[in-house]
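The values are calculated or read from the model by the stated rules, or taken from the named source; none is laboratory data. Note that the structure is a prediction, hence the values are computed from the model and not measured. When we count neighbours, we look across all protein chains shown, and the Cβ atoms used for this are built from the backbone with ideal geometry, even at glycine.
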Amino acid sequence: MKRTPSQQPTTNAALFDSAGGETQWQVSPYQSHPWLGRLVFQQLVQDFLIFGNLYVEKQCNRLGGVIKLDPAAKFLRRGIELDSYWWVPNAQQASPLGEVFHLLEPDINQEVYGLPEYLAALNSA
């Protein structure tokens, strides 16, 4: 039985399709949420596949309710305490972040950052 688009399961799976030498990231099964839009989810998936790390910062309003979830991968660093995160765009500017979810690709040599899957294939190329 073929499912119609409204009957498709809603999972947060990311699919990619390579057509004509260009990789097009598709997150078609993902249904947009007020906290996490489709483009933001696409950016999170791409960050995880490229860097081996996925960081999501929770933005809250004054009453403590969640406003949105922001991706933060490029300039994010972990603090001395591994549950603290810092936004460091350059050496002179650093600011602490609030609540951050960190999903990492495990690495047996260190426990601070993730390791992308494709890194092992670079030596064989």
- prompt: Any idea which of (1) of a type outside the set (D, E, K, R); (2) farther than 30 Å from A120 by Cβ; (3) under 11 Å from the mean Cα position of the chain (by Cα); (4) in a loop (DSSP other than H, G, I, E, B) is the one G64 doesn't satisfy?
  reply: (3)
Residue satisfying all of: in the range 17-41; under 24 Å from A121 (Cβ atoms) and under 15 Å from the mean Cα position of the chain (by Cα); modelled with the lowest pLDDT among these: W25
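Is it true that Q46 is closer than 17 Å to G114 by Cα, free of Cβ contacts under 8 Å to residues at least 40 places away in the same chain and part of a helix (DSSP H, G or I)?
Working: closer than 17 Å to G114 by Cα: yes; free of Cβ contacts under 8 Å to residues at least 40 places away in the same chain: yes; part of a helix (DSSP H, G or I): yes.
Answer is yes for this residue.
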